[in-house]
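The values are calculated or read from the model by the stated rules, or taken from the named source; none is laboratory data. Remember, predicted model here, so these are calculated numbers, not experimental data. Please note: Cβ atoms are built from the backbone with ideal geometry, for glycine as well, and neighbour counts cover all protein chains shown. The area values use the complete protein model at the heavy-atom level, side chains included, leaving out ligands, DNA and RNA. Shrake-Rupley method; radii C 1.70, N 1.55, O 1.52, S 1.80 Å.
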Amino acid sequence: MTSMDLDGWTRVKDRLRAEVGDDVYASWFARMELDGSEGDTVKLSVPTRFLKSWIQSHYAERVLACWQAEQPNFSRIELTVRSAVIRTLPPRMKPVETPAPHREMREVKSNGGDLRNSVGPISAVHEALGGSPLDPRLTFETFVVGRSNTLAHAAAKQVAQAHRGDMVMFNPLYVHAGVGLGKTHLLQSLAWAGNAAAERKVLYLTAEKFMYGFVAALRAQTALAFKEALRTIDVLVIDDLQFLQGRSTQAEFCHTLNALIDAGRQVVIAADRPPSDLESLDERVRSRLAGGLVVEMGSLGEELRLEILKCRAAAARQHHPGFDVPLPVLEFIAKSVTHNGRDLEGALNRLLAHSKLTGQPVTLEMAEREVRDLIRPQEPKRVKIEDIQRVVARQYNVSRADLLSSRRTANVVRPRQVAMYLAKTLTLRSLPEIGRRFGGRDHTTVLHAVRKIENLVSTDSALAEEIELLKRQLQE
Ligand code: ADP
Ligand code: MG
């Protein structure tokens, strides 16, 4: 490589930074290196395939233009992926001192049977970094695989079984599903299994822990040590990412994510929605999250529910020898409690409590009585904004275009407000997103509509009834 190349490279980087801004530069180009040149071709490399394809599809021309401004004889850029070997890691940090008792594995009370398998102690780093406690019941052994979670399970297993230094197959692994469909169970299984494999450090954190850990570290002026420690782990698992908030936390999350992924470390994320719907997250973070493997876990089918119940009941029997749940009862629960895994657990716990308190055997009749309120005729559907607009438009005899238009006549203003209100109450969409879907309105307009309808509903019983009806139509 010539010294001219190197000087040129420095200026190209400055140019690029000036053009795209510090943030974009730090996210995508900070780890780009010059490997040399050959004829009219500049050879550059980045640490991950993802970075390569992102830069190629979004910035290829710009990078070339920057080079040509320096050295007009270049007409091609060749971008390659450097080997994924861990080589950019900072020196290993000594684990932060923690008082002895905290070093021991946290005891998690288990009342569903002792299913603990042979798992090593959670490392000091896990503790020092504020890793969230792991529930010994949530392991791969107790995770039942069915159609809705096969892929997510296989991916998690793969990650858990990988060895340090292995080529990372998909990074990040991003799992999303609604409440109670097994995200936490899967992630904790991965953490247990990964930690049990020698030499590997798996850190399981809820997004909240990540925020508090970071904020606390900042307050204690040890942000640097915290970052360094974070970077000594092999697998970072973050649960409930939808709760990550705040600009500085996000920036830190983004840096951590980049640093870990580029160093060949594995990142695993769970959230209640796909990356594109994490509206409060920066676009760059979202695209990075979407750049790995994104897997959705569907709702638990009846068969899967039955298997989970059998597994649970067997576990409970180990602890409570008299607790015998006949198969027809399990089948009844599996058929009727359709909502999610938590309700299944709740149903069994009730049967257990009842049979302990009364000393009576579990029967179908008792089960029907005990779990009545957990039974929903049908699983609530995920309501779409388009459906809301369609149903409301039909109800009030206006067109969907009217709802999205800027017309302000009374006959469209009210239906529009009702539709926005329903969008807020029946979907997980944020106010700005709802505003966008209603003809590009501001979030304050949506908020105003929601408040307005809320107020009206409390005084106007006819409207309240109308809205109940609309809700029912949408959820059927
Ligand atoms: P999420 O984090 O997605 O809200 P959880 O992982 O907390 O859901 O699951 C809720 C309950 O359902 C837990 O008790 C969990 O053990 C159980 N559960 C969900 N899916 C499965 C599964 N595939 N196998 C066994 N138990 C499951
Ligand atoms: Mg969870």
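Counting residues that are under 20 Å from residue 134 (Cα atoms), assigned by TED's automatic domain parsing to the domain that holds residue 202 and in contact with a helix residue (DSSP H, G or I) (Cβ under 7 Å, 6 or more places away or on another chain), which strands (runs of 3 or more DSSP E) fully inside segment 232-303 reach at least 2?
235-239, 266-271
Does residue 186 fit the bill of being closer than 19 Å to residue 294 by Cβ, within 16 Å of ligand 2 (Cβ to nearest atom) and of a type in the set (A, V, I, L, M, F, W, C)? Walk me through it before giving the result.
Working: closer than 19 Å to residue 294 by Cβ: yes; within 16 Å of ligand 2 (Cβ to nearest atom): yes; of a type in the set (A, V, I, L, M, F, W, C): yes.
Yes: the conditions hold for residue 186.
For segment 283-298, does any single residue satisfy the condition of being within 26 Å of residue 146 (Cα to Cα), buried (at least 17 other Cβ atoms within 10 Å of the Cβ) and within 12 Å of ligand 1 (Cβ to nearest atom)?
yes
Go through 215, 179 for me and flag whichever is among the β-branched types (Val, Ile, Thr), within 16 Å of ligand 1 (Cβ to nearest atom), open to solvent by 40 Å² or more (accessible area, probe 1.4 Å) and out of contact with any strand residue (DSSP E or B) (no Cβ under 9 Å at 6 or more places or on another chain).
179
Can you name every residue in segment 235-267 that is open to solvent by 20 Å² or more (accessible area, probe 1.4 Å) and either within 16 Å of ligand 2 (Cβ to nearest atom) or over 26 Å from residue 193 (Cα atoms) (or both)?
Matches in segment 235-267: 240, 242, 243, 245, 246, 247, 248, 250, 251, 255.
Could you list, in sequence order, the residues of segment 26-51 that are part of a helix (DSSP H, G or I) and open to solvent by 60 Å² or more (accessible area, probe 1.4 Å)?
49
Sort out which residues of segment 144-176 are touching a strand residue (DSSP E or B) at 6+ places or on another chain (Cβ under 6 Å) and within 16 Å of ligand 2 (Cβ to nearest atom), and write them in order of number.
152, 173, 174, 175, 176
Is there a residue in segment 178-193 that is modelled with pLDDT under 80 and of a type in the set (D, E, K, R)?
No, that holds for no residue.
Yes/no matrix, rows are residues, columns are (1) among the acidic types (Asp, Glu); (2) over 18 Å from the mean Cα position of the chain (by Cα); (3) modelled with pLDDT under 90:
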{"position": "245", "(1), (2), (3)": "no, no, yes"}
{"position": "252", "(1), (2), (3)": "yes, no, yes"}
{"position": "260", "(1), (2), (3)": "no, no, yes"}
{"position": "271", "(1), (2), (3)": "no, no, no"}
{"position": "297", "(1), (2), (3)": "no, no, no"}
{"position": "329", "(1), (2), (3)": "no, yes, no"}
{"position": "334", "(1), (2), (3)": "no, yes, no"}
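Kindly list the number of the only condition in (1) within 24 Å of residue 184 (Cα to Cα); (2) open to solvent by less than 10 Å² (accessible area, probe 1.4 Å); (3) among the aliphatic types (A, V, I, L, M) that fails for residue 329.
Among (1) within 24 Å of residue 184 (Cα to Cα); (2) open to solvent by less than 10 Å² (accessible area, probe 1.4 Å); (3) among the aliphatic types (A, V, I, L, M), residue 329 violates only (1).
Please find, among 449, 410, the residue that is surrounded by fewer than 12 Cβ atoms within 10 Å (Cβ to Cβ) and of a type in the set (A, V, I, L, M).
410
Check residue 270 against each of (1) surrounded by 22 or more Cβ atoms within 10 Å (Cβ to Cβ); (2) under 27 Å from residue 375 (Cβ atoms); (3) within 16 Å of ligand 2 (Cβ to nearest atom); (4) not β-branched (Val, Ile, Thr) and name the one condition it does not meet.
Unmet condition: (2).
Among the numbered criteria (1) open to solvent by less than 30 Å² (accessible area, probe 1.4 Å); (2) more than 16 Å from ligand 2 (Cβ to nearest atom); (3) touching a residue at least 60 places away in the same chain (Cβ under 8 Å); (4) within 15 Å of residue 265 (Cβ to Cβ), which single criterion is violated by residue 200?
The one condition residue 200 does not meet is (3).
crowded, with 23+ Cβ neighbours inside 10 Å, in a helix (DSSP H, G or I) and in contact with a helix residue (DSSP H, G or I) (Cβ under 8 Å, 6 or more places away or on another chain) - does that describe any residue in segment 133-151?
yes
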